[in-house]
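What follows is a single structure, written as structure tokens, with notes after it.
The values are calculated or read from the model by the stated rules, or taken from the named source; none is laboratory data. The structure presented is a predicted model; accordingly, all values stated were derived computationally and were not measured. As a convention, Cβ positions derive from the backbone with ideal geometry for all residues, glycine included, and neighbour counts pool all protein chains shown.
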Amino acid sequence: MALQKLLKVTDLSSENFEAELQERINSQLNSYLNLNSQIEEAIKFALTAPGKRVRPTLIYLVGDIYNVSLERLDSLALASEIIHTYSLVHDDLPCMDDDDLRRGQPTLHKKYSESTAVLAGDAMQSLAIQIILEDINLSDELKVSIVKLLMKNIGYEGMILGQAQDISFEQKTVNKQEIIQMNYLKTGLLIEFCILAPLIIANKLDDEWNIISRNIGIAFQLIDDLLDLEESKESLGKATNKDHSKNKKNLPLILGRLETINEVKKLHDKTMESFSKLSLNNHPLMIYVENLFNRRN
């Protein structure tokens, strides 16, 4: 396995690889930017805040299944974390969700200014694309395919549409399927990119992976919504119980906690079934995904 060789982890069935991968992406984030302007300073402030690095970790683990070297995955991993962070910076703005705390520290517009946060988010989006396009480890054909998927998933028909629906739904009555589709767009599609992009490099895309990526993406947001109701601000590093006060539409608020937990269980079971069909029962990816589904415990 590429991970085992590079990270020198003797037992990939343990959770040691998670810390190793987080350190790898953190090191790249710390070294990439020079602090030559306030915008760069603001970007680095947002990117180096303590986070779980879920998206880049998924990229590395999926790539490992098909022996894609970490060097060929680094730009994808870095880009995914940058895109995710940009989305959080813009989501926290006063004109959006108006949050003061993110990852245990002030949100970017609180630390600097609204204009700096807007510009830093814009810059992060283009930076992510630039990093992939400049990757000497990928062919031009692969770069086009990967960037095309990324732009589709985070663009006006993807993540942006999901964010727009999240805001517009505050003034509407919506049903379960509309909420799940919104979750898929605003959160699931970037996670889907992180699972499918390494498969593009390995030329291993198929229906089971499509099922896995969609289910994990939807479940991730459902669990986030449960955590917003159940956890403290200190444990999550961000404001909690804010969805109810802002009339946000999510499954726990509309259908209740138990119905949401049941929906997560269905997604979990379908995901594990697909992993079994791909004979991945003992791979670290399955262990990591299992932990993602159980992160409320």
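Within segment 122-135, can you find the residues that are more than 15 Å from residue 29 (Cβ to Cβ) and either touching a Ser or Thr at 6+ places or on another chain (Cβ under 8 Å) or assigned to a loop (DSSP other than H, G, I, E, B) (or both)?
Of everything in segment 122-135, those that are more than 15 Å from residue 29 (Cβ to Cβ) and either touching a Ser or Thr at 6+ places or on another chain (Cβ under 8 Å) or assigned to a loop (DSSP other than H, G, I, E, B) (or both) turn out to be 132, 134, 135.
Within the bounds of segment 155-168, is there any residue that is more than 24 Å from residue 126 (Cα to Cα) and without any contact (Cβ under 8 Å) to a residue 12 or more places away in the chain?
Scanning segment 155-168, I find at least one residue that is more than 24 Å from residue 126 (Cα to Cα) and without any contact (Cβ under 8 Å) to a residue 12 or more places away in the chain, so the answer is yes.
Quick one: which residue in 166, 98 is more than 19 Å from residue 43 (Cβ to Cβ), modelled with pLDDT under 95, in a loop (DSSP other than H, G, I, E, B) and not aromatic (Phe, Trp, Tyr)? Spell out the reasoning first.
Numbers: 166 fails: in a loop (DSSP other than H, G, I, E, B).
Every option except 98 fails the conditions.
Would you mind telling me which numbered condition in (1) in a helix (DSSP H, G or I); (2) aliphatic (A, V, I, L, M); (3) surrounded by 19 or more Cβ atoms within 10 Å (Cβ to Cβ) residue 138 fails?
Only one criterion in (1) in a helix (DSSP H, G or I); (2) aliphatic (A, V, I, L, M); (3) surrounded by 19 or more Cβ atoms within 10 Å (Cβ to Cβ) is unmet by residue 138, namely (1).
Go through segment 174-184 and count every residue that is touching a helix residue (DSSP H, G or I) at 6+ places or on another chain (Cβ under 9 Å) and surrounded by fewer than 22 Cβ atoms within 10 Å (Cβ to Cβ).
So the count comes out to 7.
Against the definition (in a helix (DSSP H, G or I) and under 25 Å from residue 255 (Cα atoms)), how does residue 152 come out, yes or no?
Working: in a helix (DSSP H, G or I): yes; under 25 Å from residue 255 (Cα atoms): no.
Taking the combined requirement at face value, the residue does not satisfy it.
From the residues in segment 101-121 that are part of a helix (DSSP H, G or I) and in contact with a Phe, Trp or Tyr (Cβ under 9 Å, 6 or more places away or on another chain), which one is surrounded by the fewest Cβ atoms within 10 Å (Cβ to Cβ)? Outline the logic, then answer.
Taking segment 101-121 first, the residues part of a helix (DSSP H, G or I) are 108-111, 114-121.
Still in the running and in contact with a Phe, Trp or Tyr (Cβ under 9 Å, 6 or more places away or on another chain): 108, 111, 120-121.
Numbers: 108: 27, 111: 15, 120: 27, 121: 23.
The selected residue is 111.
Quick check on my filter: what residues within segment 51-107 are more than 19 Å from residue 146 (Cβ to Cβ), touching a residue at least 40 places away in the same chain (Cβ under 8 Å) and among the polar types (S, T, N, Q)?
Correct list: 105 only.
Looking at segment 241-279, which of the residues that are modelled with pLDDT under 80 and over 18 Å from residue 183 (Cβ atoms) is surrounded by the most Cβ atoms within 10 Å (Cβ to Cβ)? Spell out how you get there, then give the answer.
First pass over segment 241-279, keeping only residues modelled with pLDDT under 80: 241-248.
If we keep only those that are over 18 Å from residue 183 (Cβ atoms) too, we end up with 241, 245.
Numbers: 241: 13, 245: 8.
Here the answer is 241.
Across segment 43-74, which residue is nearest to residue 90 (Cα to Cα) among those that are buried (at least 24 other Cβ atoms within 10 Å of the Cβ) and of a type in the set (Gly, Ala, Ser)?
Restricting to residues being buried (at least 24 other Cβ atoms within 10 Å of the Cβ) and of a type in the set (Gly, Ala, Ser), the top hit is 46.
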